[in-house]
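Let me begin by presenting the structure, written as structure tokens, before commenting on it.
Every number in this text was worked out from the coordinates using simple rules, so none of it is lab data. Just so you know, these numbers come straight off a predicted model, no measurement behind them. For neighbour counting, all protein chains shown are included, and Cβ atoms are generated from backbone atoms with ideal geometry for every residue, glycine included.
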Ligand code: ADP
């Protein structure tokens with residue numbers, strides 16, 4: 001039976017009800033309750049009652065009255081006392097259909113225990129003078145010992161079954177709700193249980209994998225991609241008594257995707273120590289690895305990006321500071337210019353870092369107002385022509401381009417960033433184009449270059465923080481992989497989108513959309 005099909009416990013509760021009911025009837029009682037001793041079964045749980053022949057309101061009254069009654073003890077295992085008349089009446093016990101009047105009742109409390117210890121107390125209400133199958137209110141020695149022994153044995157096994165069932169349900173809930181994947185196997189390594197987190201992780205449904213060999217389903221590999229085989233199987237190692245805790249490996253999902261996991265294996269053994277089943281707990285560590293990678297990329301990119309301009313500034317500054325050198329103005333100027341450029345580069349990097357941390361903290365503030373994109377693009381293009389005279393820059397802006405809603409400075413930053421990238425990553429064909437087009441809802445601006453292009457795989461990641469394409473040309477260009485991340489945050493905060501279409505070695509087109517002024521439903525300040 002798999003954990004997902006745990007039995008419902010109702011039938012076990014019925015067993016207890018039948019047992020308690022028959023005991024009370026045999027003792028001549030009309031209604032009553034068996035109170036389990038907490039110490040005996042589950043010290044954490046509150047007292048548990050199995051009642052017989054009481055409506056729930058009467059049961060509550062009876063149980064409340066119990067608190068004030070003297071309780072039987074091992075030394076005095078049976079107590080019989082006349083019940084107060086008002087209690088008998090309010091419990092609805094008093095009506096006698098033959099004599100049509102009040103009948104006195106007595107409460108009997110019987111302490112139950114067996115060789116293993118305490119079980120609980122049986123409290124019941126009995127008409128005074130009821131002829132008994134046997135006399136329970138006599139001294140313990142006079143009570144038919146066999147009855148108490150059988151009743152106690154039956155109650156103990158019913159209670160045991162109930163508490164096992166509770167335990168099973170608790171474990172089943174942990175198994176079902178666990179965020180970590182859990183699977184169990186038999187000694188032949190065939191899957192017996194497969195929890196929902198495992199289903200989510202691997203794409204397999206439990207019904208597809210029950211009875212299959214676990215290594216055929218997960219196809220575990222080491223981090224280098226080598227098949228683990230049976231020798232390296234974490235479950236077999238756990239069967240052999242080895243500790244397997246958080247071992248990193250790779251497993252393959254149903255769709256063929258591989259991902260990094262940390263696996264803990266353990267073995268359930270019989271009383272004689274033989275392996276009975278194996279449990280594998282699997283945690284997806286892909287995002288942990290990605291974060292680690294991002295952290296180390298961040299450190300290497302940032303240190304490289306800081307070191308280069310600092311080295312250049314330092315080099316030129318120390319030349320200029322040498323008292324013995326008096327440099328002619330035409331020698332001096334390019335050096336001072338280089339210092340200025342590198343200081344600008346540093347300034348931009350620090351600005352981008354601050355910008356990125358503000359985006360992360362959700363503190364990007366924008367003032368959004370109607371914006372004429374044509375004017376903005378003209379201005380940016382003019383400056384770019386002045387800065388990069390070797391580039392051929394074409395504009396394609398339709399007449400009467402509708403205004404959009406945007407923060408002027410931020411949109412200019414986005415455009416500037418896309419153009420800087422187009423220039424930076426176009427080593428040979430130095431042409432770029434900016435075009436705009438309006439749709440019913442928005443205006444789309446595209447920046448196209450005929451540069452190095454970006455592979456499909458990389459296109460998915462270049463908008464991530466600190467991501468730079470791994471190649472020589474990119475590495476030779478300054479940058480910290482923050483520009484596109486910032487662009488995306490700005491455009492998305494406007495309710496627009498940004499995307500790329502690119503062919504490797506042919507060129508790229510970066511586009512972004514902004515809502516048209518008359519369609520925008522934006523607040524004027526966006527955080
Ligand atoms: P940076 O340019 O500072 O590295 P970006 O976030 O602006 O950071 O760009 C991320 C990466 O995307 C770049 O490192 C580069 O690899 C790639 N990329 C961006 N724009 C282009 C482009 N026009 N052509 C080719 N690759 C590009």
Percent of Cα-Cα distances greater than 14 Å, calculated over region 160-230: 65
Normalised per residue, the volume of the convex hull around the Cα set of region 380-440 (Å³): 100
Cα pair distances in region 367-412, grouped into 5 Å bins until the bin that holds the longest one, percent each: 5, 20, 25, 21, 17, 9, 3, 0
Full-stretch length increase - residue 127, residue 327 - with 0.36 nm per residue and alpha-carbon distance subtracted: 59.8 nm
Size of region 51-96 as Cα extents on the principal axes (Å, biggest first): 34, 20, 18
For region 453-501, alpha-carbon Rg over 2.2 N^0.38 Å: 1.19
At R0 = 51 Å, FRET efficiency that the Cβ-Cβ distance of residue 219 and residue 353 yields, to 0.05: 0.75
Rule-of-thumb Rg ratio for region 210-327 [Cα; 2.2 N^0.38 Å; N residues]: 1.94
Rounded D (µm²/s) - region 53-127, Kirkwood Rh over Cα pairs, Stokes-Einstein at 37 °C, 0.692 mPa s: 244
For the chain, the fraction of alpha-carbon pairs in successive 10 Å shells from zero, as %: 3, 13, 14, 12, 12, 11, 10, 9, 8, 5, 3, 1, 0, 0
Geometric extent, Cα atoms of region 402-527 - Rg, Dmax (angstrom): 14.8, 46
Cα-based equivalent ellipsoid of region 250-306: semi-axis lengths in Å, sorted from largest, via gyration tensor: 40, 15, 5
Packing-based ranking, highest mean first, of 329-342, 19-32 given that Cβ atoms within 10 Å are counted: 19-32, 329-342
